[in-house]
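Okay, structure first, notes after.
Derivation of every value follows stated rules applied to the coordinates shown; laboratory data play no part. These numbers come from a predicted model, not from an experiment. As a convention, Cβ positions derive from the backbone with ideal geometry for all residues, glycine included, and neighbour counts pool all protein chains shown.
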Amino acid sequence: MKCVSIEQLNNAVSNPQKFISESEKVYGEQISAVAEKIYEQRSERPIVLISGPSGSGKTTSAAWLASCLREKGCKAHTISMDNYFLPMEMNEAARDKDGKIDFESPYRMDIELFKEHLEKLFHEVEIEIPTFDFAEQARHAGYPLKREDGDLVIIEGIHALNPLLTGECEVFTQGVYVSVRTRIQSGEELLHPSKIRLMRRLMRDKLYRGRSLSETFEFFKSVERGENLYIMPYKDRADFDIDTFIEYEAPVYRDILLPELESASKEYADYAQYADIEKFLKLLKPIDREFVPKDALVREFIG
């Protein structure tokens, strides 16, 4: 179990450019190492499946991985599994015992179409990737994609390692599991990696989805339940693991989140289970978000 102390982070904040550069290097080296191994197996296993729980940085990891592979002279395509969601009226199989739609369920996906597309991509047959409109909860026409010989296709999504969707595809795929693994430490107390991911969700939901912190806290309960049911059981199917903890990120989130956390503490009934986030952020020195590189994983959550 890797931990980084509040003292270490606060000491590093005194030179933010150096701190950020060194943190980005650690993440980049992990991506490069995985890219090298994927590249070596590109002929036999040209489809890369990236899974991880909410807030794990799947989208940025897929983009960085593709960039590393292109630098090696390998054409790499990226696909988001979000495009394979079914329209809302076709979500009957995703309803729970109370008749409510389980929004984390793999049955919200067009399973047969996804399996078909995996096979076709491997066999270099052109497919039509759909696009999904979350505001309308509807699927629209997408775009064509044909993998040529030597190309790699990187597919990211929370269910990317779930055999219900992927079938018996290990023979031609490589799996990558990304998540926050490092803990922040203050004395004997540890901030669990899931709280780092929740901070990321709080940032993204607040800035880009118009959700209050209380709404995200409530929504995160079902997200965690879905992770335990549909994501965690399959992480061992991955060939590679990437820890997406970025050492400087909590200091960046500090001044953005703290005022609203303090407000949420007065209005959200179950705030106690998330109060450690506020406690740890208060112990940190801040970093201005302007220092964050434009292609950094942290930008996935702060824009």
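Numbers below:
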{"item": "Dimensionless Rg ratio for segment 145-303, taking C-alpha atoms and the 2.2 N^0.38 Å reference", "result": "1.18"}
{"item": "By average C-beta atoms within 10 angstrom, highest first, the peptides 151-158, 295-302, 128-135, 188-195", "result": "151-158, 295-302, 188-195, 128-135"}
{"item": "Sequence-separation-based contact order of segment 1-90, relative, with Cα cut under 8 Å and 6+ spacing, percent", "result": "23 percent"}
{"item": "Extended-chain gain in nm, criterion 0.36 nm per residue less alpha-carbon gap, residue 17 and residue 90", "result": "21.4 nm"}
{"item": "Charge sum, other residues only, whose C-beta stays under 13 Å from residue 185's C-beta, Lys/Arg counted +1 and Asp/Glu -1", "result": "-1"}
{"item": "Equivalent ellipsoid dimensions for the chain as semi-axes, Å, which come from the Cα gyration tensor, largest first", "result": "33, 25, 16"}
{"item": "Point-charge dipole on Cβ atoms (K/R +1, D/E -1) for segment 8-152, about Cα centre, debye to 20", "result": "480 debye"}
{"item": "Fraction in percent of alpha-carbon pairs per bin - 10 Å, segment 138-178", "result": "20, 45, 33, 1"}
{"item": "Cut-off under 5 Å, modelled amide H: who pairs with residue 95 long-range", "result": "102"}
{"item": "Point-to-point label distance, residue 228-residue 75, nm (Cα→Cβ direction, 7 Å offset)", "result": "4.6 nm"}
{"item": "Relative packing of 241-250, 114-123, which averages over residues the other C-beta atoms within 10 Å, highest first", "result": "241-250, 114-123"}
{"item": "Backbone HN-Hα couplings from phi across segment 42-50 [Karplus 6.51/-1.76/1.60, Hz, Gly and Pro as x]", "result": "4, 6, 7, 9, x, 9, 10, 10, 10"}
{"item": "Span from the segment 196-235 Cα centroid across to the segment 58-126 one, whole angstrom", "result": "19 Å"}
{"item": "Signed unit charges on C-beta, dipole axis of segment 79-215, positive-most listed residue 214, 166, 118", "result": "214"}
